[in-house]
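The values are calculated or read from the model by the stated rules, or taken from the named source; none is laboratory data. Please read all numbers here as calculations on a predicted model, not as lab measurements. Positions of Cβ are generated from backbone atoms using ideal geometry, with glycine treated the same way; all protein chains shown enter the neighbour counts.
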Amino acid sequence: MKRNPRMILALAAALSVFSAPALSQANFPERPIRFIVSFPPGGSSDLVARAMAPRMAARLGQQVLVENRPGAGGNIGMDVVAKAAPDGHTIGLGAAGALSVNISLLPSMPFDPQKDLAPVSMLAIIPIVVAAHPSVPVTDARSLIAYAKSQPGKLSFGTTGNGSAMHLAGELMKQMAEFDMLHVPYKGSGPAAADLAGGQIPLAIVDLTSALPHIRSGRVKAIGVTSAKRSAVAPEIPTIAETGLPGFDAIGWFGVVAPGGTPPALIARLNAEIVDAMKAPEIRERLMAGGAEPQTSTPEEFAAFIRAEIPKWARVIRSAGVKPN
């Protein structure tokens, strides 16, 4: 049988196209992995990334190098990831702001979180609590809504700042329950919780860790956590949904992403390594101590979560006219 040289060359070229990525994935990783953290050193997310890195490195056979790129509400770090080669050697730790909120909050974005980033796994959720000063005559979501409606626009609530997860949780509550109250932005949950305990503001929506010491001392009373389920950090505090506003759900969160276009096989491998690292008791304890609850996911689950978060907060931001700090 006579062989056609052109057919042989064409077949060889086709095989090379398919075998090169497969070979690359089989040898992955071929060099150290950059782990971009879009927050400053020392925070809970940074500490978790640094705790995960050696565990991942031991299994992958290459170093995992944590690199802090904070700024612009997380956009700087996530932009580094979005523009990196989609070969699995760059991953990033980002949060709700850069991955689901900023696209609706900021006038321009350097990347598209859905097109330019590939979700790998959720890492943790950050419980948020609605709390009141003891002098305010409310005990749960139902009484808070009634009280706010009785004096529209007069009640104020402190949060960590304009466009933060806490601020947006407050705006969502206002929209769902159809009442009005005044937003007071602070530079962090700690200052807002301290002013609430001191009676400078009647309400605050802050991360649970900042409020919990004041709640347990009796200087502040918890109205409810904003998540759909009670928090493992303080399961005795009911949810806003179960005490007067059914369907209410708002959380802070962070997770790991890779550059858009990273092959699914590499995403699956990274996901497996991250999920394994997150099983370590010391990492889970570090998260809980920092006020976050460990929660990993499949890449598909994380992608679906982000897809749902973007339009949800876009509607809140548009309706409330939220502007960045």
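Is there a residue being part of a helix (DSSP H, G or I), aliphatic (A, V, I, L, M), more than 20 Å from GLN114 (Cβ to Cβ) and modelled with pLDDT under 95 anywhere in region 256-276? No, because not a single residue in region 256-276 is part of a helix (DSSP H, G or I), aliphatic (A, V, I, L, M), more than 20 Å from GLN114 (Cβ to Cβ) and modelled with pLDDT under 95.
Scan region 120-157 for residues that are small (Gly, Ala, Ser) and closer than 27 Å to GLY255 by Cβ and the total you get is 3.
Of all the residues in region 192-219, those that are buried (at least 24 other Cβ atoms within 10 Å of the Cβ) and among the β-branched types (Val, Ile, Thr) number 2.
Just the residues that are surrounded by 20 or more Cβ atoms within 10 Å (Cβ to Cβ) and within 18 Å of the chain's Cα centre (by Cα), please, taken from region 260-282. Within region 260-282, ASN271, ILE274, MET278 meet the criteria. Checking the structure you have, find out if any residue of region 170-192 is assigned to a helix (DSSP H, G or I), within 21 Å of the chain's Cα centre (by Cα) and free of Cβ contacts under 8 Å to residues at least 24 places away in the same chain. Yes, the conditions are met somewhere in region 170-192.
Need at least 1 residues that are touching a Leu at 6+ places or on another chain (Cβ under 8 Å) and among the β-branched types (Val, Ile, Thr) per element, so show me which strands (runs of 3 or more DSSP E) inside region 53-160 make the cut, counting only ones lying wholly within it.
Numbers: elements: 64-68, 90-95, 117-126, 128-132, 156-159.
Hits in region 53-160: 90-95, 117-126, 128-132.
If you filter region 20-46 down to residues that are surrounded by 14 or more Cβ atoms within 10 Å (Cβ to Cβ) and assigned to a helix (DSSP H, G or I), you find that the one that is modelled with the lowest pLDDT is SER24.
Here are some residues: PRO238, PRO259. Which one is more than 24 Å from ASN162 (Cα to Cα) and assigned by TED's automatic domain parsing to the domain that holds ASP46? Don't jump to the end; show me each part of the working.
Details: PRO238 fails: assigned by TED's automatic domain parsing to the domain that holds ASP46.
Going through PRO238, PRO259 in turn, just one is more than 24 Å from ASN162 (Cα to Cα) and assigned by TED's automatic domain parsing to the domain that holds ASP46: PRO259.
When region 128-169 is limited to residues that are touching a Phe, Trp or Tyr at 6+ places or on another chain (Cβ under 8 Å) and over 21 Å from ALA241 (Cα atoms), the one that is surrounded by the fewest Cβ atoms within 10 Å (Cβ to Cβ) turns out to be PRO152. Out of LYS154, LYS149, one residue alone is outside the structural domain of ALA265 (by TED's automatic domain parsing) and more than 23 Å from ALA194 (Cα to Cα). It is LYS149.
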